[in-house]
Amino acid sequence: MPWPTPHAEDRPAPPVQTPQTAHPENSHTPQPAKADGPPASPTQTPRSPHTQDPLTPHAQDSPTPHTDDHPALPAQTPQTAHPGNPQPPHAQGPQPHRTQAPQLPHTRNPQPPPHTQGPLTWALPEPPPSDLADLPDKIAAYRAGYLAEDRRLLEKALRAGTILGLATTNALELGVDVSGLDAVLIAGWPGTRASLWQQAGRAGRDGQDALAILIARDDPLDTYLVHHPQALFGQPVEAIVLDPDNPYVLGPHLCAAAAEIPLSEDDLPIFGATTSEVLEDLVAQGLLRRRPAGWFWTRRERATDLADIRGGGGAPIQVVESSTGRLLGSVDESSAHTTVHTGAIYLHQGETFLVELLDLDAGVALVSSANPDYSTFARDITDISILSTQRSHPLGPGALHFGEVEVTRQVVSYLKRRLQSGEMLGDEPLDLPPRTLRTRAVWWTLPASAVAPLAEAGIDLGGAAHAAEHASIGLLPLFATCDRWDIGGVSTELHADTGLLTVFVYDGHEGGAGFAERGYARATDWLTATREAITSCECERGCPSCIQSPKCGNGNEPLDKRGAIRLLNTLLDTQ
């Protein structure tokens, strides 16, 4: 029999906005894998700045897998949908303003002058002279991918008051001297309590009163926090999640240490139990040389360049305006396939550009100024295979596992949607190479005997697993120090390696980052909160606040909200 297609959602990511991105499909009709991990970021054309930097895997083959996929006062957190990065307010012209009641004509039914519109606006006097029309020029966008000199100019202008507001990613959260702000608007839960208070702390640093408002997005975790503010207030900041034995992290640090002072045998215990093994690999690669006195750095290049502080996992792609040669900025290599692919709409400082060509070998994306009436959204497929299982234990009638996996993701096309109506204008194919990620994942399985009653009751198993995967990705940041764009997922009704209904959630960083491991350790609490978030949502069939994901490479299809609740009830059954 053919394997059902998995669904996948990726995260991980490095993000450019995102707003932000494989899931297994339903049991009745195998579908291509869906990915929700490092997100496939939609590129939009509104004339306002956006940024995103993440990754979104998708899975295919067996039953279609599905995949998925960042403070203030919840009392002021309306359920409003927001893209990954905050957007600047839309400019409006001078508005009528009155401090004194107008003298109305002595007629029973006064008629408004022909040039006025709206209820009672005719009764208002002409507004006084105002500089409100200049406000759009005093608001700018900011993200890490901008040129360093542009970022410094924006920071200086904000401190001087030349500009009054910045629509920014979390690039202003740390390491930038910005103070004296009056207010901070946080568009969506930023991922951790530490980030929440750090962002809110950008206001009021001069000892003045300040305002911080968290505007909840249509997201499972935002929904959960609005209904459970005790999870936010009165709680300490999270413990840092770190995997110090990850060779992709430890290796560059050992090289940097050796470049400063040669490493000796006495130094090895400082770096952990796996240091000797990683050093042998670095010597084999020619990065370090072993001598009687220790390990020495062998290159002329700076060893610190091996570590990417932005977590992109590769050299960034330079975004260049083709007509002038002007360098606009850069995009993380891991998100380039979804944000600056050929034909994508790219936004920079409120300007809209069309990507003419993405040259991965040269590390350049050529763009030209444009004003299209559509947005673009990359679609990808994701496959996931289990390399090793490190830990397992029973969970209800099923089992929970943690181990090493290999995620293969390929962007295969992009959708064009009309801005005003959302009408689908086409699905354009792309020829981009697949990207492979070796990382760590937590996954749970259910045997056929446990899911058979659900299928007999008419539950779409693929859609139920897909929905549970989306929601669990959204809730994991509550238990691990991560953002939903740092993790990805794949779900499938029948996975080739397990032969069972399987839902994966994996770290979106090479070698793993400890997020999936934390999910394994807190699985019961995590999955219980996931079920509660889905159940408490007032929608009937599923929405972005519970089971839909902004990173889903399968267009959030299929999803079965009722089935996801039944599936999680079965998994968490302790009888």
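The values are calculated or read from the model by the stated rules, or taken from the named source; none is laboratory data. The model shown is predicted, which means the values in this text are computed figures rather than measured ones. As a convention, Cβ positions derive from the backbone with ideal geometry for all residues, glycine included, and neighbour counts pool all protein chains shown. Heavy atoms of the whole protein, side chains included, go into the accessibility calculation; ligands, DNA and RNA do not. Shrake-Rupley method; radii C 1.70, N 1.55, O 1.52, S 1.80 Å.
Points worth noting:
- Out of Arg409, Arg438, Arg417, one residue alone is of a type in the set (D, E, K, R) and within 23 Å of His348 (Cβ to Cβ). It is Arg417.
Conditions tested, residue by residue: (1) modelled with pLDDT under 95; (2) more than 21 Å from Ser545 (Cα to Cα); (3) among the small types (Gly, Ala, Ser).
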site: Ala465; (1), (2), (3): no, no, yes
site: Ile473; (1), (2), (3): yes, no, no
site: Leu476; (1), (2), (3): yes, no, no
site: Ile487; (1), (2), (3): yes, no, no
site: Glu493; (1), (2), (3): yes, yes, no
site: Thr502; (1), (2), (3): no, yes, no
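- Residue within the stretch 502-524 that is open to solvent by less than 10 Å² (accessible area, probe 1.4 Å), in contact with a His (Cβ under 9 Å, 6 or more places away or on another chain) and over 28 Å from Thr274 (Cα atoms) present: yes
- Subset of the stretch 426-446 (residues that are over 22 Å from the mean Cα position of the chain (by Cα), part of a strand (DSSP E or B) and exposed (fewer than 14 other Cβ atoms within 10 Å of the Cβ)): Gly426, Asp427, Pro429
- Identity of the residue in the stretch 531-575, surrounded by fewer than 21 Cβ atoms within 10 Å (Cβ to Cβ) and within 20 Å of the chain's Cα centre (by Cα), that ends up nearest to Asp486 (Cα to Cα): Gly555
- If you filter the stretch 153-198 down to residues that are surrounded by fewer than 17 Cβ atoms within 10 Å (Cβ to Cβ) and of a type in the set (Ser, Thr, Tyr), you find that the one that is nearest to Gly234 (Cα to Cα) is Ser179.
- Members of the stretch 468-478 that are among the small types (Gly, Ala, Ser) and within 15 Å of Thr445 (Cα to Cα): Ala468, Ser472
- The stretch 322-374, subset buried (at least 21 other Cβ atoms within 10 Å of the Cβ) and among the small types (Gly, Ala, Ser), residue nearest to Leu432 (Cα to Cα): Ala336
- Residue identified as modelled with pLDDT of 95 or more and either outside any strand (DSSP E or B) or open to solvent by less than 90 Å² (accessible area, probe 1.4 Å) (or both) among Val319, Val278: Val319
- Residues that are among the polar types (S, T, N, Q) and either closer than 19 Å to Ala465 by Cβ or touching a strand residue (DSSP E or B) at 6+ places or on another chain (Cβ under 6 Å) (or both) within the stretch 498-538 comprise Thr498, Thr502, Thr524, Thr528, Thr530, Thr535, listed in sequence order.
- Within the stretch 223-248, residues that are of a type in the set (Val, Ile, Thr) have Cβ atoms under 9 Å from residues that are open to solvent by 90 Å² or more (accessible area, probe 1.4 Å) in these pairs: Val237/Trp197, counting only partners at least 6 apart in sequence or on another chain.
- Check on Leu494, in a loop (DSSP other than H, G, I, E, B) and hydrophobic (A, V, I, L, M, F, W, C): yes
- Any chance Gly463 is over 24 Å from Gln318 (Cα atoms), open to solvent by 10 Å² or more (accessible area, probe 1.4 Å) and not charged (D, E, K, R): no
- Of the residues making up the stretch 470-481, not a single one is open to solvent by 10 Å² or more (accessible area, probe 1.4 Å) and closer than 17 Å to Val407 by Cα.
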